[in-house]
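A short write-up of the structure that comes next.
The values are calculated or read from the model by the stated rules, or taken from the named source; none is laboratory data. The structure displayed is predicted, hence computed values, not measured ones. Here Cβ is always computed from backbone atoms with ideal geometry, including for glycine, and neighbour counts include all displayed protein chains. In case anyone asks, the SASA skips ligands and DNA or RNA and just uses the protein heavy atoms, side chains included. Shrake-Rupley method; radii C 1.70, N 1.55, O 1.52, S 1.80 Å.
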Amino acid sequence: MIDFYLNGERRHCSDVAADTSLLELLRVHLGRTGTKEGCASGDCGACTVAIGEPDALGELVYRNANACILPAHQIDGCHLVTVEGLARGDALHPAQAAMVDHHGSQCGFCTPGIVMSLFTLHEEQRRAPAPLTQERLEAALGGNLCRCTGYRPIRDAALSMADYPDVRPAWADEPHLGSNVAWLRRPEGGEPTTAGHYVAPQDIAALRDLKRRRPKARLVAGGTDLWLETTQQLKPLDDIIDVRQVAELTTIDETPDGWWIGAAVTLADMTPLLTEHYPAFEHLMHRFASSQIRNRGTLGGNIANASPIGDTPPVMLALDARLRLDGPDGARELPLSDFFLDYRKTALGENEFIAAIFLPRPTPAQNLKVWKLSKRREDDISAVLAAFAWRLEDGVMRDVRLGFGGMAAIPRRATETEAALEGRAPEPAVFAAARAVLGEELTPMSDVRGSAEYRRTAAGNMLERLRLMIEADMHAAEATPNHASDNNNPATKVTLDAYAH
């Protein structure tokens, strides 16, 4: 049973198969065809919907998501808003009215998804008014592709939403909607919530027991990677354990040495932590897929799928992160560098799962730089991702850690190259020798995103860019003793930012 609200009305859906997507639930089971299927892989945004979940105060917070790769059962206990639920009779929502007046639609296929992303942006502005900068606009619409209109009228529509009457749907007048949705999410005793072979435990003890009894069951958190198996490969996913409700996996626990980030914490929810303590890592989040993906995808999932081109593992390797694995036989910890064994193979036991990831607290002298190379700026998979951590002590590099994605069958550190830089001054000859070591140490793959030689050259160039940045910073520090590294300074900005402006 899926118990939720759809555009303000409570709905019950029973007999829904475990591998049903939210898009399929809407179009096939409920006849709501305004939400479109374009790519069925979370890339185009035509299927974008808004999902409202209660915050700590019980107020519904809406985030956009791709319905095509979202497990339908995860809408249980939520308020789902689709394009059919925005207008108030004949009066259009500001997102709709602005799109009409600025000619933001031609064929119209992608328009519902764009409107829903604009709706969540409008709701964000309602909750926390702030200047609608180009960066925020690109973050909001980076996951919506349009083949025929061009993005200028869509951008103009977004920027003008505040000029329209604040028409709200009729369901927004219901004062108890938030509390009604929160009531659906009340803790349940006894056996985990079950729907056929889709089970959602609410604590780690129940999850351990399920893994003991069903070791072959697939774990799902955001579904942004796993659900591609059914939409792209047509594989059945008929035995699913949903970990999004496991309390111990959805918290961030601070310690004096750092933070334990629950494996089911979404990338969007961990971003404020990165903003405060690891701005270079947070900067990468602007280029990690799209807001739709970041709102659902998790750090644990991005690590567990063991993709050699995943975006977060190289950064976590450079930061010397650790994992806490758990299961029926108890918990254990290991360095992230020991987790990846071979292509798509990890150190996880058959009945184990990732419970949390430890992110060490940065020292005042620690530096971090993260660069992603991809064919397009928004919503793309990296060809090469490099994460460099180091500190300067008396003019030499210390604690050098270099993490790479796309340069081997697994995300990995370049330990031999690290040794070539450790304890040495960041001079051209030192880095030239390090680039030679890097070219021999890593064995990149060839695929549609780039040849092995291209990747090897690109990785070496990134290492040289690091030297240029350090050199520029050192010169600036000599001229200005209190100088801090500025990524927007032309002297240190040696690779593209997340934004083109």
Quick one: which of SER117, SER105 is among the hydroxyl-bearing types (Ser, Thr, Tyr) and touching a strand residue (DSSP E or B) at 6+ places or on another chain (Cβ under 7 Å)?
SER117
For the range 208-314, give me every one of the helices (runs of 4 or more DSSP H) that falls completely inside it and has 2 or more residues that are surrounded by fewer than 20 Cβ atoms within 10 Å (Cβ to Cβ).
228-231, 267-277, 279-285
Scanning the range 154-172 residue by residue, those surrounded by fewer than 15 Cβ atoms within 10 Å (Cβ to Cβ), acidic (Asp, Glu) and more than 21 Å from GLU84 (Cβ to Cβ) turn out to be ASP163
From LYS216, LYS211, grab the single residue that is more than 29 Å from ALA87 (Cβ to Cβ) and touching a Gly at 6+ places or on another chain (Cβ under 9 Å).
LYS211
All but one of (1) open to solvent by 40 Å² or more (accessible area, probe 1.4 Å); (2) out of contact with any Ser or Thr (no Cβ under 7 Å at 6 or more places or on another chain); (3) more than 17 Å from TRP171 (Cβ to Cβ) hold for ILE2, so report the exception by its number.
(1)
Is there a residue in the range 179-202 that is surrounded by fewer than 20 Cβ atoms within 10 Å (Cβ to Cβ) and within 19 Å of GLY300 (Cα to Cα)?
yes
Identify all residues within the range 117-145 that are more than 17 Å from ALA65 (Cα to Cα), out of contact with any Leu (no Cβ under 8 Å at 6 or more places or on another chain) and in a loop (DSSP other than H, G, I, E, B); write none if there are none.
ALA128, PRO129, ALA130, PRO131, THR133
List every residue pair whose Cβ atoms lie under 6 Å apart, where the two residues are 6 or more positions apart in sequence or sit on different chains, the first residue falls within the range 276-287 and is outside the structural domain of GLU138 (by TED's automatic domain parsing), and the second residue, located anywhere, is of a type in the set (A, V, I, L, M, F, W, C) and assigned to a loop (DSSP other than H, G, I, E, B).
HIS286/ALA498; ARG287/ALA498
Only unsatisfied item for ILE114, checking (1) at negative phi; (2) open to solvent by less than 10 Å² (accessible area, probe 1.4 Å); (3) out of contact with any Gly (no Cβ under 6 Å at 6 or more places or on another chain); (4) part of a loop (DSSP other than H, G, I, E, B), is (4)
When every residue in the range 71-106 that is over 21 Å from GLY42 (Cα atoms), without any contact (Cβ under 8 Å) to a residue 60 or more places away in the chain and not small (Gly, Ala, Ser) is compared, the one least open to solvent (accessible area, probe 1.4 Å) is MET99
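Of all residues in the range 398-426 being of a type outside the set (Lys, Arg) and either open to solvent by 40 Å² or more (accessible area, probe 1.4 Å) or not assigned by TED's automatic domain parsing to the domain that holds ALA459 (or both), which is modelled with the lowest pLDDT?
Out of the qualifying residues, it is ALA409.
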